[in-house]
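To keep things clear, I will list the structure first and then write my remarks on it.
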Amino acid sequence: MAKLNAILFDLGDTLVDLGEGQGSYEARLATRVNQVYDVLAAAGGAMPDRQAFCAALATGSEARYRAALAEQQGLSIYDVLRGLFDKMQIVASNGLLEACAAAYCQGGGFTTLRTGARELLAQLRERGLRLGVISNTLQPSRYLDQALTRRGIIEYFPVRVYSSEIGVAKPHPAIFRAALDALGVPAEAALYVGDRLNADVAGAQGVGMKAVLVEVAHRPEHDPDIIPDARVKELPELLEVLPALAIG
C-alpha cells in the first residue's frame, strides 16, 4: 500500500460550515444581492426595481452555477453579473463590475469553520503532510484567499485551485490533476476530503486518489455506485482513519 503524503480539501461544508438549507446560507445570499444593488444604485444611472433585480441575481446566480457544475465547467461571478446586466440593460464599467463582484463575494457575513478544522490542519502539517484546496466556486481567487486569511488557515494551503479560475469544475479530472501537479505529488500519494459523493469522492478516485467523505447532517449523500475510502462525521475523525489509508 502506497504511503500517502498529501491531503487536499474541499471548502464549503467540508472545512467551512455554509449553513446551506438551514437559513444562514440563504440569508447571506439575500444580503449579497442587495449589496450589489446598492453599489449599482450609488453609481447612478437607470436602475430596475430592487426586488426584481435581487430576485433575478439570487435565482440566476444559483441556476447558472448549478448548470455549469452539471457540465463540469467553471463559472465566475463576473460571468453571472455580465449576463444579468445585459438582460436588464444595465451599463457597467469594468470598475463598477469589479465593485459589484466585491459586494457579492464579501457580503453576507462570516461563515464559520467546521469544528476542529484549524486544529486538524495544524496536526496534519506537523506530520509533514502537504496540504491544498480544490473548490467549486463562483468567487474569484482573491476573495476566497481573503476569506481563508480572515479565518487564519491560508498558511496551511500553499496550493489552492478554484473552478472559477481554472475553467473546469469537480468532478472533472483536470481540476484534481492541476492541484496534484502544483503539489508535486502523484495521485496515488494523495487523499481528497470533501462532502459530495460525485464531485468529491468519485472525482478524486477517478484520477487515482483516495477519498474521504465528510458527512453533512442536513444533506445526507447516498449512491451505491460511489464508495468512499472512509467516512467521517466531524473533521477530527480524519486522524483516526489515516492509518487505514496508509498515511503515516
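Apart from one condition, Arg142 fits all of (1) surrounded by 17 or more Cβ atoms within 10 Å (Cβ to Cβ); (2) within 14 Å of the chain's Cα centre (by Cα); the exception is (1).
Residues that are touching a Gly at 6+ places or on another chain (Cβ under 7 Å) and modelled with pLDDT of 95 or more within the range 214-229 comprise just one, Val214. Of all the numbered requirements in (1) farther than 30 Å from Gly45 by Cβ; (2) at pLDDT 95 or above, Leu113 misses one, and that requirement is (2). Just so you know, in the range 1-45 the residues that are farther than 29 Å from Asp195 by Cβ and at pLDDT 85 or above include one that is surrounded by the most Cβ atoms within 10 Å (Cβ to Cβ), and it is Leu40.
When the residues of the range 221-238 are filtered to those that are farther than 20 Å from Leu11 by Cβ and of a type outside the set (D, E, K, R), the one that is surrounded by the most Cβ atoms within 10 Å (Cβ to Cβ) is Ile226.
Comparison of Thr14, Thr31 shows that the only residue that is of a type in the set (Ser, Thr, Tyr), touching a residue at least 60 places away in the same chain (Cβ under 8 Å) and in the same structural domain as Lys233 (by TED's automatic domain parsing) is Thr14. Candidates Gln89, Gln73, Gln51: the one that is surrounded by fewer than 16 Cβ atoms within 10 Å (Cβ to Cβ) and under 16 Å from the mean Cα position of the chain (by Cα) is Gln73.
For the range 144-191, enumerate the residues that are touching a Ser or Thr at 6+ places or on another chain (Cβ under 9 Å), in contact (Cβ under 8 Å) with a residue 24 or more places away in the chain and not aliphatic (A, V, I, L, M). Those that are touching a Ser or Thr at 6+ places or on another chain (Cβ under 9 Å), in contact (Cβ under 8 Å) with a residue 24 or more places away in the chain and not aliphatic (A, V, I, L, M): Arg151, Arg160, Tyr162, Ser163, Ser164, Glu165, Lys170, His172. Taken over the range 112-128, the criterion of being of a type outside the set (D, E, K, R), surrounded by fewer than 20 Cβ atoms within 10 Å (Cβ to Cβ) and under 24 Å from Ala211 (Cβ atoms) is satisfied by Leu113, Thr115, Gly116, Ala122, Gln123, Gly128.
I'd like to check something: does the range 1-18 contain any residue that is over 30 Å from Ala189 (Cα atoms) and of a type outside the set (Asp, Glu)? No, every residue in the range 1-18 fails to be over 30 Å from Ala189 (Cα atoms) and of a type outside the set (Asp, Glu).
The values are calculated or read from the model by the stated rules, or taken from the named source; none is laboratory data. Remember, it's a predicted structure, so these values are computed and weren't measured experimentally. Here the Cβ is made from the backbone with ideal geometry for all residues, glycine too, and neighbour counts use every protein chain on show.
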